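The values are calculated or read from the model by the stated rules, or taken from the named source; none is laboratory data. Remember, predicted model here, so these are calculated numbers, not experimental data. Here the Cβ is made from the backbone with ideal geometry for all residues, glycine too, and neighbour counts use every protein chain on show.
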Amino acid sequence: MASSSRSSQPKVIVGLDFGTTFSGFSFAHRSDPDDVQSFYDWPDAGRPYCKTQTSLFYSPAGELLAWGWSALKAYSEALQVSSSTGQGEVGLLVSKFKPILEDGELAKSMLEVLPGWATAEKLIVDYLGCISEFIGGHLRQKYGSCLLREEVAWCLSVPAIWSDASKRKMEIYAEKAGIVKGKHCSSSEASSFPLKIVLEPEAASFYCQKQLKDTAILCNGDKFLTVDVGGGTIDLVVHEKVEGGSSYEVREVSASSGELGGGTYVDKNFLGLLKRKIGCLESFDDPETLHKITRWWLGSLGKSSFDGTGFKLYELPRKLSKAWKKFDEQLGCAEGHDEEYYEEIKLSEEELRGIFDTEIEKVAALIDKQLSHCRDTMIQHVFLVGGFAESPYLVKKITEKYNSSNAGVTREVIAPPSPGAAICKGAVALGFGTAAVVSRISKKWYGLRTAQRFQEGDREEYKFVNDEGADMCDKKFQIFVKNGESIAEDTFVSERNLGPSFAKQRSMTIELFSSSGEIAPSYVTDPGCKRLGKYIFDISENMELGNKRSVFVSMYFGRSTIQVFAQRINFGKNRQPEKLYCVDLSGSSIGRKRKSRI
Ligand SMILES: Nc1ncnc2c1ncn2[C@@H]1O[C@H](COP(=O)(O)OP(=O)(O)OP(=O)(O)O)[C@@H](O)[C@H]1O
Ligand SMILES: [Mg+2]
């Protein structure tokens with residue numbers, strides 16, 4: 001019954017934001033795509049919020065016991081049992097594990113402290129499995145059990161700064177978690193619709209546009225910067241609103257940018273400060289106490305309420321205050337300090353500002369960079385979203401710095417409501433195709449390996465003589481697309497006529513290269529160059545034309561693919577364009593029928 005009644009369009013689209021600290025979802029039914037709803041009542045959460053903790057709790061043997069807020073609760077309870085009974089291992093609480101997906105130093109250091117079985121794949125697949133199961137249950141409650149999981153389409157958001165390889169891994173893990181059908185998942189329960197990977201700042205940008213729909217703030221031609229300040233990444237994108245068929249159509253003005261940073265780095269600074277103030281804390285090995293401190297800091301009396309003014313007093317857990325006193329006594333510096341001195345800690349306004357300022361400065365530096373990239377174009381609005389944009393202090397500082405009405409430049413910082421839900425809500429709009437990015441800025445150079453006339457200064461080792469006796473230079477990087485160039489999606493870009501170097505040549509090797517460097521590459525062997533595809537193209541007909549045979553090469557850019565085509569222009573029987581290969585930049589399996597949709 002399931003497959004026979006299934007339509008070619010999904011009934012419900014879910015936007016899933018798997019974040020470093022928190023994860024959440026939004027959804028809408030196809031009967032009313034504008035009615036995007038979020039979920040707030042997560043089990044074991046202290047207060048309603050649009051996201052739950054990105055945490056998992058395992059038994060010491062590696063069995064998954066709880067996820068989300070419930071993982072924290074289960075861990076707290078296990079700690080209490082352990083401290084009252086003196087029992088050993090309590091199990092493993094894993095939080096903020098999203099960054100282990102992106103290869104690098106951070107991932108390495110995170111994996112080092114985890115047991116061998118807790119691989120990036122296991123953690124992410126476990127988490128996605130739990131949250132998608134939960135979402136499925138909620139949707140059934142909402143729409144009735146006649147809504148099948150396979151009728152739901154999923155949009156999963158990823159940081160724009162992630163590599164294509166990490167985005168690909170997310171797709172595979174989503175299949176392994178049973179969300180969508182594919183090579184790694186054949187479950188009849190899984191969605192039959194391809195997973196759509198959306199970029200977090202792009203989803204956030206559409207959320208902001210939707211929020212301002214009823215105001216006259218955004219006009220065609222306006223340029224706006226969206227800054228997604230999350231727990232572990234800061235992601236930026238500059239869009240220009242363009243007139244188009246769909247309600248929200250934009251073009252990317254400069255390449256999206258970002259770096260690691262945000263709320264969890266503020267938490268690290270807080271712990272660092274506490275360790276400097278409380279001498280014994282560095283070597284204090286009591287998970288229950290550390291858990292209590294973190295809970296206070298993340299709660300309403302901790303970082304959330306800091307607006308840049310006032311101090312905070314924190315009553316220390318008893319075990320810690322006793323250990324601190326003892327530590328000072330051993331060092332001989334307890335004199336003059338009474339019992340009360342060790343019972344609470346005061347964080348001054350200046351110290352609290354210091355904890356936040358490193359991250360706020362990171363955000364400001366990234367905004368500055370985008371503003372300077374776009375110096376010819378005026379950015380009228382700066383949107384602040386992501387959970388960290390709930391911080392009144394961050395919003396105040398960024399507003400003070402970037403609100404401007406000087407010398408004819410009017411720029412306004414806008415922090416829309418529910419900034420934490422911006423990504424998953426925007427992802428739903430992208431899923432329905434009611435929002436689109438019509439062109440993006442290339443972050444790389446793309447081109448073909450060619451042989452060109454030898455010029456003064458060319459590399460001697462690549463020199464050869466063709467059969468007309470001309471000096472040629474091999475391994476030249478012939479640029480088709482420049483780094484920073486605007487590329488319309490789903491269009492042919494850059495086309496060139498190429499020919500053989502030798503009259504007797506029966507084939508031509510057509511090799512596509514990319515280069516991630518700032519400076520235009522000269523040779524395909526330059527640092528940063530990577531071969532993406534290779535094809536031996538037959539040119540053995542009409543050999544009498546020798547090196548006058550002409551081949552027309554073109555590239556077709558999709559959202560995450562480049563297809564390379566070649567066409568015999570003046571020789572051979574088949575003069576139709578032939579697709580040589582398709583390079584899957586992110587391995588995306590996104591199916592796209594309409595033009596210019598994400
Ligand atoms: N009022 C607030 N003041 C300060 N920080 C806050 C406030 N509310 C939330 N945060 C912080 O925002 C961060 C979470 O933001 P968000 O949910 O956007 O991140 P994420 O999606 O988990 O991370 P990422 O997008 O980087 O993967 C946490 O570090 C949280 O403590
Ligand atoms: Mg996020």
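Structure above, values below:
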item: Given (1) surrounded by fewer than 16 Cβ atoms within 10 Å (Cβ to Cβ); (2) away from ligand 1 (no atom under 16 Å from the Cβ), number of the condition Ala153 does not satisfy; result: (1)
item: Options Val385, Val363, Val395: the member that is within 16 Å of ligand 1 (Cβ to nearest atom), without any contact (Cβ under 8 Å) to a residue 40 or more places away in the chain and surrounded by 15 or more Cβ atoms within 10 Å (Cβ to Cβ); result: Val395
item: Meets criteria (within 30 Å of Gly263 (Cβ to Cβ), of a type outside the set (D, E, K, R) and part of a loop (DSSP other than H, G, I, E, B)) for Pro417; result: yes
item: In the range 153-177, residue farthest from the chain's Cα centre (by Cα) [restricted to those that are modelled with pLDDT under 95 and part of a loop (DSSP other than H, G, I, E, B)]; result: Ser163
item: Cβ pairs under 6 Å, 6+ apart, first in the range 447-475 and on the phi > 0 side of the Ramachandran plot and of a type outside the set (S, T, N, Q), second buried (at least 19 other Cβ atoms within 10 Å of the Cβ) and in a loop (DSSP other than H, G, I, E, B); result: Lys475/Val524
item: Which numbered condition Glu288 fails, given (1) charged (D, E, K, R); (2) out of contact with any helix residue (DSSP H, G or I) (no Cβ under 9 Å at 6 or more places or on another chain); (3) in a helix (DSSP H, G or I); result: (2)
item: Output for the range 228-275, where each listed residue is within 16 Å of ligand 2 (Cβ to nearest atom) and assigned to a loop (DSSP other than H, G, I, E, B); result: Gly230, Gly231, Gly232, Gly261, Gly262
item: Matching residues in the range 212-244 - criterion: being surrounded by fewer than 24 Cβ atoms within 10 Å (Cβ to Cβ) and within 16 Å of ligand 1 (Cβ to nearest atom); result: Gly232
item: Filter result (small (Gly, Ala, Ser), more than 16 Å from ligand 2 (Cβ to nearest atom) and surrounded by 14 or more Cβ atoms within 10 Å (Cβ to Cβ)) within the range 43-58; result: Ala45
item: Qualifying residue in the range 278-288 (condition: more than 25 Å from Arg375 (Cβ to Cβ), among the β-branched types (Val, Ile, Thr), within 16 Å of ligand 1 (Cβ to nearest atom) and buried (at least 17 other Cβ atoms within 10 Å of the Cβ)); result: no
item: Conditions (1) within 16 Å of ligand 1 (Cβ to nearest atom); (2) touching a strand residue (DSSP E or B) at 6+ places or on another chain (Cβ under 6 Å); (3) not polar (S, T, N, Q); number of the one not met by Val253; result: (1)
item: Residues located in the range 369-392, provided they are more than 16 Å from ligand 2 (Cβ to nearest atom) and within 22 Å of Ala203 (Cβ to Cβ); result: Lys369, Gln370, His373, Cys374, Ile379, Gln380, His381, Val382
item: Residue among Ile131, Ile135 that is modelled with pLDDT of 90 or more, part of a helix (DSSP H, G or I) and over 19 Å from Val94 (Cβ atoms); result: Ile135
